[in-house]
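The values are calculated or read from the model by the stated rules, or taken from the named source; none is laboratory data. Keep in mind it's a predicted model, so treat the numbers as computed, not measured. Methodologically, a virtual Cβ is constructed for each residue, glycine included, from the backbone with ideal geometry; neighbour enumeration extends over all protein chains shown. The protein model used for the area step is the full one, side chains on, heavy atoms only, and it has no ligands, DNA or RNA in it. Shrake-Rupley method; radii C 1.70, N 1.55, O 1.52, S 1.80 Å.
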Amino acid sequence: KVYNREVLHAVELRHMLLVAGMIVQAALLRKESRGAHYRLDFPQRDDRNWTRNIVQHMKNGKIETHTEAVRS
């Protein structure tokens, strides 16, 4: 089979940019440092407020982000 590599690369780039945007959005939401995620403005780990999952999904073409309690 012959594939149009330019279209394939464009689609892959779009997905990579979408995921990068989601990572940045989640990183800005978390007001603490944790593991490899270090913030100069929030240098300490904050288990009391941030032992939470950050959940993201697409709705109407936009990324929606919220947090949920960690289930044990």
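Below is a table of values for the structure above.
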{"item": "Phi to ³J(HN,Hα) by Karplus 6.51 cos²θ - 1.76 cosθ + 1.60 over segment 11-26, Hz, x for Gly, Pro", "result": "5, 4, 4, 4, 5, 5, 5, 4, 5, 4, x, 5, 5, 5, 4, 5"}
{"item": "Carbon + sulfur, % of accessible area of segment 1-42 - ligands and nucleic acids excluded, 1.4 Å", "result": "68 percent"}
{"item": "Amide hydrogen neighbours beyond the local backbone of ILE63, cut-off 5 Å, H modeled", "result": "none"}
{"item": "Rg followed by Dmax, in Å, when the chain is reduced to its Cα trace", "result": "16.6, 55"}
{"item": "Trypsin sites (Lys or Arg not before Pro) within segment 1-69, DSSP loop, no more than 16 other Cβ atoms inside 10 Å", "result": "LYS1, LYS31, ARG39, ARG45"}
